[in-house]
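Here the structure is laid out as structure tokens; the discussion comes afterwards.
The values are calculated or read from the model by the stated rules, or taken from the named source; none is laboratory data. Model, not experiment: these values are computed from the prediction. Because the Cβ atoms are built from the backbone with ideal geometry, glycine has one as well, and the counts that use them run over all protein chains shown. These accessible areas exclude ligands, DNA and RNA; they are computed on the full protein's heavy atoms, side chains included. Shrake-Rupley method; radii C 1.70, N 1.55, O 1.52, S 1.80 Å.
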Amino acid sequence: MTGLRKRVTVGFLSIVCLLFFSGMVSFLELSLLSRDTGEILKANKRNIELAKEMLDAAHEQNIALIRLSVFGDRSCDSLCRKSMERLENTLLVAQSEALEKSFLDSLAFATTELRLVTDNYLAFGGAARADSPAALRPDSLGGRWYSEEYQALYGRLTAAIKSYMTSTQSSLVPRAEQMKKNAYRAVTPVLISLVVMIAIVLMLFYFMSIYCVTPIERMNKGLGDWLSFRVPFAVKGDLKDEVLELKEKIESLINISKQTKS
């Protein structure tokens, strides 16, 4: 490979390699960013699904306890137990999947409180009132128990579930900051490559103008002047490689032409 061809090839291969390297780095960083975004969205969706499941179970438990305690409907006894088990099982799943378990402490405590009060009522309060005529009246002992004891615990439980539902929002802040850094890292190689490529292209333009374009223009003008006006062919400049060889061959042809005419 001759000198001029080598310089041009090396210059453009450098640009291609730089583009390839920056593209691969950006692709890797964007892949990591996409994965982190997917994990955050997946965790948030899963968190909302579990919270909805617990709210549904708590609501069923609440309706069953109202019908049982206020209206004395003993058929709701099994539904009340099933809803409580459903709530506790969902809580166990949430605890096993949670990365930050501190958000679930208040929810676990509220669930335990509700379980103890519910079991205590089902074991003693409900059985004692099973055959009582007062059980069918809204102002019965069961109604007072519900409003004075159970309702407050139910309110704390639902508040804890809602707090758990929004708990991922607080954990999104540091992860969002990390994603922001990853986004900058993904863009930075492209920006650096862009600056370097501009510098390389300007250098190639400069050297191509100095060592190739300008000498060829001068030789073209000098050869035209010699053919038209017999002005001596004299091209000055820092000529190298194939351009210098071309100049020397043109001078040789001119000298041969002069010798032939003489």
*Virtual spin-label span in nm between Val16 and Glu245, 7 Å along Cα→Cβ*: 2.3
*Over the range 197-259, average the accessible area per residue using a 1.4 Å probe and give it in Å², no decimals.*
71
_Viscosity 1.306 mPa s, temperature 10 °C: give me the Stokes-Einstein translational D for the range 37-93 in µm²/s, with Rh taken as the Kirkwood radius over C-alpha pairs._
129
*According to the Kirkwood expression over distinct Cα-Cα pairs, how big is the hydrodynamic radius of the range 1-100, in Å?*
18.8
*Just the number, please: carbon plus sulfur as a percent of the accessible area of the chain, 1.4 Å probe, no ligands or DNA/RNA counted.*
65
*Contour minus Cα-Cα distance for Ser163 and Glu100 (0.36 nm per residue)*: 21.3 nm
*Scan the range 207-262 for chymotrypsin sites (Phe, Trp or Tyr not before Pro) in coil per DSSP, keeping those whose Cβ has at most 15 other Cβ atoms within 10 Å, and list them by number.*
none
_Computed over the chain: relative contact order in percent, which uses C-alpha pairs under 8 Å that are six or more apart_ = 28
*Provide the net charge surrounding Arg230, with neighbours chosen by a C-beta distance below 11 Å and charges set as Lys +1, Arg +1, Asp -1, Glu -1.*
+1
*asked:* If each residue of separation counts as 0.36 nm, what is the full-extension length gain between Thr214 and Ala183 once their alpha-carbon separation is subtracted?
replied: 6.7 nm
*Taking a quarter of the surface of the Cα convex hull of the chain, what do you get in nm²?*
23.9
*Centre separation in Å (Cα based) which lies between the range 234-262 and the range 190-218*: 27
*Report the percentage of all Cα-Cα pairs in the range 213-262 whose separation exceeds 12 Å, rounded to a whole percent.*
63
_For the range 161-243, I need the span (max minus min coordinate) of the C-alpha atoms along each principal axis, in Å, sorted largest to smallest._
99, 21, 14
*Taking the simple approach of a point 7 Å from Cα along Cα-to-Cβ for both Asn89 and Arg115, what is their distance in nm?*
1.4
